[in-house]
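The values are calculated or read from the model by the stated rules, or taken from the named source; none is laboratory data. Everything numeric here is computed off the predicted structure, so don't read it as measured data. When we count neighbours, we look across all protein chains shown, and the Cβ atoms used for this are built from the backbone with ideal geometry, even at glycine.
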Amino acid sequence: MTATTDGSAGAVSPRTAAANETTDTLPPPAGTVTGPERLDATAARAAARAAEHLLARQDPAGWWKGDLETNVTMDAEDLLLRRFLGILDPDTTRAAALHIRREQREDGAWATFYGGPGELSATVEAYVALRLAGDPPDAPHMARASAWVRARGGIAATRVFTRIWLALFGWWRWDDLPELPPELLFLPKWFPLNIYDFGCWARQTIVPLTVVSAKRPVRPAPFPLDELHTDPARPNPPRPLAPVTGWDGIFQRLDKALRLYHRVAPRPVRGAAMNLAARWIVERQENDGCWGGIQPPAVYSVIALHLLGYDLEHPVMRAGLESLDRFAVRRGDGSRMVEACQSPVWDTCLATIALADAGLAPDHPALVKAVDWMLGEEVTRSGDWAVRRPELPPGGWAFEFHNDNYPDTDDTAEVLLALRRVRHPEPARLEASVARGVRWTLGMQSRNGAWGAFDADNTSALPNKLPFCDFGEVIDPPSADVTAHVVEMLAHEGLAHDPRTRRGIEWLLSEQEPNGAWFGRWGVNHVYGTGSVLPALAAAGLPSSHPAVRRAVAWLGSVQNEDGGWGEDLRSYRDPEWIGHGVSTASQTAWALIALLAAGERESEAVRRGVAWLAATQLPDGSWDEPYFTGTGFPWDFSINYHLYRLVFPLTALGRYVYGDPALLREG
């Protein structure tokens with residue numbers, strides 16, 4: 001996949017255009033509404049083709065997993081890590097460089113999502129990676145990149161994480177980075193800015209970085225980077241102190257105090273702090289060698305342990321490096337893309353729901369096999385979530401293959417919805433697993449009645465104020481999409497009238513935006529949030545005539561594209577003008593349809609046009625093309641293209657159009 005070269009969000013991939021032009025067995029282009037009978041038959045055929053394609057992609061073990069595509073910083077940092085450890089090999093370098101070059105825009109920059117604007121830190125990291133691969137700075141593509149970087153402030157204007165990577169090789173001064181002392185781990189759990197005030201992804205990254213910050217290692221740089229500074233003689237001119245009355249000023253002065261402490265830190269105290277950090281890191285290594293099932297914490301954990309004396313042949317290090325190799329996706333052209341994470345549990349539960357809703361028999365062998373695998377992935381031991389819920393017995397599911405420390409309520413809710421759609425030959429085993437999952441999810445409810453993804457009440461505003469935390473969201477407050485999935489699951493478990501469920505519903509109703517939509521934390525964006533909430537409200541018994549439902553239906557109708565589909569650009573996280581607007585995509589069109597079907601709008605013009613769009617853009621193999629990023633890691637700052645979204649969500653929408661929405665059928 002290549003990014004658009006002009007940075008526009010309006011480009012349509014050639015593959016999709018070709019599919020629209022050459023498919024003669026599908027209905028006319030979306031926007032041309034066919035008769036009900038013809039559309040129903042067309043939707044049924046499209047669903048059957050999609051189901052066949054999805055079934056063929058199931059792993060023999062029972063799971064599904066699509067590629068999880070993010071941006072080139074994953075690939076660049078992988079090369080920098082290997083260079084730092086002295087294990088960078090020519091084949092890895094060549095394959096990564098091929099991928100990075102292919103993602104460059106014509107103006108020389110790199111974006112963090114398809115069709116998006118150039119991003120400074122990503123461009124600097126990609127440029128350095130290509131320098132490591134041997135691309136000369138005066139090559140046309142490199143000269144364009146360095147000029148683009150200088151025009152936007154150079155290295156000095158990049159995020160802290162980028163400058164940490166550069167400091168590892170002497171391209172940036174450690175003294176010019178915010179302090180992050182390992183003594184942070186001594187702060188008790190009730191103290192502001194203790195590590196459990198951070199979201200789990202930030203926590204797992206910050207702990208090893210405290211070791212790196214204390215050690216301040218420098219490997220000899222293989223080349224200078226003067227061309228990335230606006231003024232190489234003064235790469236980082238001093239910045240004036242902010243007023244002490246604001247958070248910026250307070251943390252600036254705190255950082256100055258921590259710099260002084262770095263010079264005088266008592267050896268025994270610092271040594272004890274780093275030993276505690278090492279123990280914390282090692283205790284959280286998963287069985288597959290990774291940390292949290294995500295690449296960034298694994299990278300920094302490997303560096304930290306190496307600095308603390310763990311050699312590369314130590315079992316912990318060897319397992320960690322092997323786990324990083326498993327994040328690499330090799331392409332047929334010889335390129336290599338590094339995934340930030342892998343999503344088998346999420347993909348499998350969504351695939352199971354899609355196939356069941358599309359009419360697959362509940363005892364179909366593929367569904368039974370999927371449930372067997374999901375039951376084996378249940379988390380049965382306590383993790384960091386227990387810091388705030390120490391009395392809560394374990395349960396639930398994580399996102400990845402191995403991540404027993406961090407199950408999340410979103411995966412757990414969707415897994416439980418998937419389990420209930422399958423007739424399993426061991427019902428007692430399934431019921432016990434469901435009961436544990438429901439109990440754990442209820443126990444993770446936050447004080448305001450809603451649910452965050454990984455922790456309860458992870459809402460402190462202080463972590464986001466730190467100078468160090470400029471890389472995206474670092475806390476895990478409740479969100480509408482996660483809360484909706486939990487409410488939908490609880491309703492399907494017969495708990496729609498439980499006081500805890502009702503509190504969740506009340507919170508959702510209070511979070512509806514004035515335009516009728518809901519914000520999407522983990523998917524792009526209001527289309528995702530609204531597509532999550534309406535099925536939950538329907539499952540919980542709110543009538544389609546409820547004012548909140550009618551406002552949401554009206555909003556979805558108002559943002560439907562002329563071609564019949566729906567799309568929302570990632571820029572909607574920063575610019576309200578983009579809310580509900582973007583090129584039509586298969587996954588976002590499906591979310592809108594799922595919402596409208598839950599609201600009882602099956603016979604509406606909007607639904608018929610949306611279904612026609614899905615049918616008209618389906619590829620001959622039963623899938624859809626979707627280069628656009630519709631998943632969210634951190635709103636705006638870290639975006640995801642889940643390659644299975646383009647299949648599972650359209651199949652769910654088509655299935656519910658053909659066979660009926662499960663919530664409405666159950667209610668009926």
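General remarks:
- The condition of being over 20 Å from S584 (Cα atoms) and of a type in the set (S, T, Y) holds for only one of Y659, Y642, that being Y659.
- Checking F198 against (1) closer than 24 Å to G633 by Cβ; (2) touching a Lys or Arg at 6+ places or on another chain (Cβ under 6 Å); (3) not basic (K, R), the condition it does not meet: (2)
- Number of the condition not met by A615 [criteria: (1) at pLDDT below 95; (2) surrounded by 22 or more Cβ atoms within 10 Å (Cβ to Cβ); (3) among the hydrophobic types (A, V, I, L, M, F, W, C)]: (1)
- Helices (runs of 4 or more DSSP H) contained in region 467-571 and holding at least 2 residues more than 22 Å from T409 (Cα to Cα): 547-558
- You will find that of T380, T352, the residue that is closer than 18 Å to E286 by Cβ and β-branched (V, I, T) is T380 and no other.
- Which numbered condition A19 fails, given (1) surrounded by fewer than 16 Cβ atoms within 10 Å (Cβ to Cβ); (2) at pLDDT below 95; (3) outside the structural domain of T352 (by TED's automatic domain parsing); (4) part of a helix (DSSP H, G or I): (1)
- Filter pass, S639 being in contact (Cβ under 8 Å) with a residue 60 or more places away in the chain, part of a strand (DSSP E or B) and either of a type in the set (S, T, Y) or in contact with a Pro (Cβ under 6 Å, 6 or more places away or on another chain) (or both): yes
- Complete set of residues in region 402-445 that are modelled with pLDDT under 95 and either assigned to a helix (DSSP H, G or I) or of a type in the set (D, E) (or both): D404
- Checklist (1) out of contact with any Asp or Glu (no Cβ under 7 Å at 6 or more places or on another chain); (2) in contact (Cβ under 8 Å) with a residue 24 or more places away in the chain applied to A151, failing item: (2)
- Within region 593-610, the presence of a residue that is among the hydrophobic types (A, V, I, L, M, F, W, C), in a strand (DSSP E or B) and either in contact with a strand residue (DSSP E or B) (Cβ under 6 Å, 6 or more places away or on another chain) or crowded, with 22+ Cβ neighbours inside 10 Å (or both) is excluded.
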